[in-house]
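Peer 1: Pasting in a structure now, in structure tokens, and then I'll have a few things to ask.
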Amino acid sequence: MQDNTLIKVQDLSVEFPLSSKKKVHAVSDVSLEVKEHEVLALVGESGCGKSTLGKAMIQLIKPTAGEVSFKDAVITNMPAKAFRDYRRQMQIVFQDPYASLDPRMSVRDIIAEPLETYNVCATPKETTERVVELLEAVGLSADHLYRYAHQFSGGQRQRIGIARAIALNPSFIVCDEPVSALDVSVQNQILNLLKDLQERFGLTYLFISHDLSVVRFIANRVCVMFLGKLCELGDTETIYTNPLHPYTRFLLDAIPKADPHRRRKERMLLSGELPSPVDPPSGCRFHTRCPYATEKCRTQEPEMKPVEGRMVACHLYAE
Amino acid sequence: MEKMTLQVNDLCTSFFTDKGEIKAVNHVSFDVPKRSIIGIVGESGCGKSMTARSVMRLLKYPGKIVSGSIAIEDKELTALTEAEMSNVRGEEISMIFQEPMTSLNPVMKVGKQVQEVVLLHRKVTKQEAKKEVIRIFEKVGISEPEKRYECYPHELSGGLRQRVMIAMAMICRPKLLIADEPTTALDVTVEAQILELMKNLRDEIGTSIILISHNLGVVAELCDYVHVMYAGRIVEQAETFELFDNPKHPYTIGLMNAVDSLEKKQGVLDTIPGTVPNLLDLPEGCSFEPRCGKRCEKCVECVPELHEIAPGHLVRCHACGQEV
């Protein structure tokens, strides 16, 4: 393992049983590494398994097969007691700031909960002081201590969720669509905050998003997923300026540009709908929607291979 | 003069709550020319959906149209009885919503739900109605229409459900289609398909469309005219190219900078400081004044009027003077 790797995922699969025969193949044989102090974005459409992968990486979902290691320890199947020390180092910020905060708890109690669970502070007074510190770090203030979630706007609630996630000084945070429920002007405030915290505390993020347009600013590397498989993984600028996998190209092309002069004259439209993860297509999982699919794509599954400075899983680039 | 499909004049819609009157739509006027797509953009709570619901007269208690007129061609909608309005809905104006799952009946086959609309508005047999449903399903790009006719909503993907909603809305060839955030719940690749479909329907059937969206990209892609709303009022309106080339209102500029700056690779993203004002407690002057970088004394004192700064380009701002 390289020195600066924080999390390593090896052949990870997550399946959810539907009945004795059928199961949802949410994540299939995914391997990737997250380096220390980097922001890795995980993008794809709904149902592609990106949230499941994110949650499996921090053991909120038990993987069916494969291994996740954090620093030097394998955390998959680690006994709960031993895992306790690792849990505090990995936190999560959820998408929906309305559903992820307990409506009956004050802001102080919400943010103090992780501190109390791990007995970080000696007295309740110290805990409160630490909560105020955290509130200030995310752009709120001590005035907000005894308010309840419903008294805040969506952006402010997301700030509370972020304060809770950084309370234990974690090294790794999974940001699961942290801005998709927010309006544009507020969305940028939260992205700025996340980036600022990442730089200030040397955090590592897995930034999950369905929206490629919000990723460019925050991510160092981007990983594109389709139906439980990785398609392309590389540096953000490489992916944005020269996407290779057909799916990545479709995703980037589909973003509506806020400039009528850049209206697409001839649209590259993806035909059809997402295939079912219960019964994924044979060979390359994208072949049913891919305009370049050949016989090989229908039968043989492409592997992630290095091409032009990034990793791609596509037969088009096999030599 | 151009023929108008819809003319909204000085519309005010309020919600009368225990805490006071919420002016959700505040003196809003706009026209929808025939065969055009007009966009209404703004952030959540700006009144864009309530404008649409007022046109459909689908406001929920305690919401009420306080004043103003809404005319489709020459028919004044605010004067109609509830029964007359029922005939207008679906026949002359129809609406699609953000979340197609909650707008469809979960225990009824989707084909039947669309057939119901035909049977309600036309004197046809069930057989004929079914044929028509299958024809419209084909038109809106539903593959295997006969098979989909027999499906329940939960068996369809989000994109297909939205296509069913569009089929239902378009089957009586309405003069006006109101699409309230039609692609917000969909993935980008599906969103592109649905936007393309709406454009084709306009071209083929000639329906005018009001597209309501928070997404400037969606609006830039599809609309001929754009109205920007903030805290219940239209703050800027112009033809799409003019608006995006020459935004004048500080709020419009702020929104556009926020979106454009996402292409930045480092530094800090542009934001609009502060938050949307409480509609129960609107500032006396311009509602954007507390967040505005160009504010002056006049902005605190009185609400600016919409004034024309270039042909067809109207702005509600004291700072964007009559310089043009």
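The values are calculated or read from the model by the stated rules, or taken from the named source; none is laboratory data. Everything numeric in this text was worked out from a predicted model, so none of it was measured. Because the Cβ atoms are built from the backbone with ideal geometry, glycine has one as well, and the counts that use them run over all protein chains shown. Each accessible area value is taken on the protein alone, full model and side chains, heavy atoms only, with ligands, DNA and RNA left out. Shrake-Rupley method; radii C 1.70, N 1.55, O 1.52, S 1.80 Å.
Peer 1: With on the phi > 0 side of the Ramachandran plot and open to solvent by 10 Å² or more (accessible area, probe 1.4 Å) as the only criterion, which of B:Gly232, B:Gly206 stands out?
Peer 2: Criteria check complete, one pass: B:Gly206.
Peer 1: Now a separate question. Quick one: which residue in A:Lys62, A:Lys23 is open to solvent by 50 Å² or more (accessible area, probe 1.4 Å), in contact with an Asp or Glu (Cβ under 9 Å, 6 or more places away or on another chain) and over 21 Å from A:Gly202 (Cβ atoms)?
Peer 2: Going through A:Lys62, A:Lys23 in turn, just one is open to solvent by 50 Å² or more (accessible area, probe 1.4 Å), in contact with an Asp or Glu (Cβ under 9 Å, 6 or more places away or on another chain) and over 21 Å from A:Gly202 (Cβ atoms): A:Lys23.
Peer 1: Further question: Could you tell me whether any residue of the range A:247-265 is acidic (Asp, Glu) and in contact (Cβ under 8 Å) with a residue 24 or more places away in the chain?
Peer 2: Let us first name the residues in the range A:247-265 that are acidic (Asp, Glu), namely A:253, A:259.
This time we only want the ones that are in contact (Cβ under 8 Å) with a residue 24 or more places away in the chain, so: none.
Scanning the range A:247-265 turns up no residue that is acidic (Asp, Glu) and in contact (Cβ under 8 Å) with a residue 24 or more places away in the chain.
Peer 1: Here is a further query. So, in the range B:281-324, how many residues would count as being within 21 Å of B:Ala24 (Cβ to Cβ), part of a helix (DSSP H, G or I), of a type outside the set (Lys, Arg) and open to solvent by less than 60 Å² (accessible area, probe 1.4 Å)?
Peer 2: Adding up the residues that qualify gives 1.
Peer 1: A further question follows. What is the residue count in the range B:245-263 for residues that are of a type in the set (Ser, Thr, Tyr), at the interface with another protein chain (Cβ under 8 Å from one of its Cβ atoms) and closer than 16 Å to B:Cys46 by Cβ?
Peer 2: 0
Peer 1: Is the range B:42-55 home to any residue that is under 26 Å from A:Val186 (Cβ atoms) and among the β-branched types (Val, Ile, Thr)?
Peer 2: Yes, the range B:42-55 contains at least one residue that is under 26 Å from A:Val186 (Cβ atoms) and among the β-branched types (Val, Ile, Thr).
Peer 1: Would you point out the residue of the range A:165-183, among those that are touching a Gly at 6+ places or on another chain (Cβ under 7 Å) and within 13 Å of chain B (Cβ to nearest Cβ), that is nearest to B:Pro273 (Cα to Cα)?
Peer 2: Here the residue is A:Leu182.
Peer 1: A follow-up question, please. Find the residue count for the range A:265-284, including only residues that are of a type in the set (Asp, Glu) and either more than 8 Å from chain B (Cβ to nearest Cβ) or in contact with a Pro (Cβ under 9 Å, 6 or more places away or on another chain) (or both).
Peer 2: Residues meeting the conditions: 2.
Peer 1: May I ask you to verify whether B:Leu119 is within 24 Å of the chain's Cα centre (by Cα) and either within 18 Å of B:Leu160 (Cα to Cα) or among the hydrophobic types (A, V, I, L, M, F, W, C) (or both)?
Peer 2: no
Peer 1: Oh, and also: Just to be sure, is B:Asn87 in a helix (DSSP H, G or I) and over 27 Å from B:Thr184 (Cα atoms)?
Peer 2: Yes; evaluated as a whole, the condition is true for this residue.
Peer 1: Next question. In the range B:121-151, what residues are of a type outside the set (D, E, K, R) and out of contact with any helix residue (DSSP H, G or I) (no Cβ under 7 Å at 6 or more places or on another chain)?
Peer 2: B:Thr125, B:Gln127, B:Ser143
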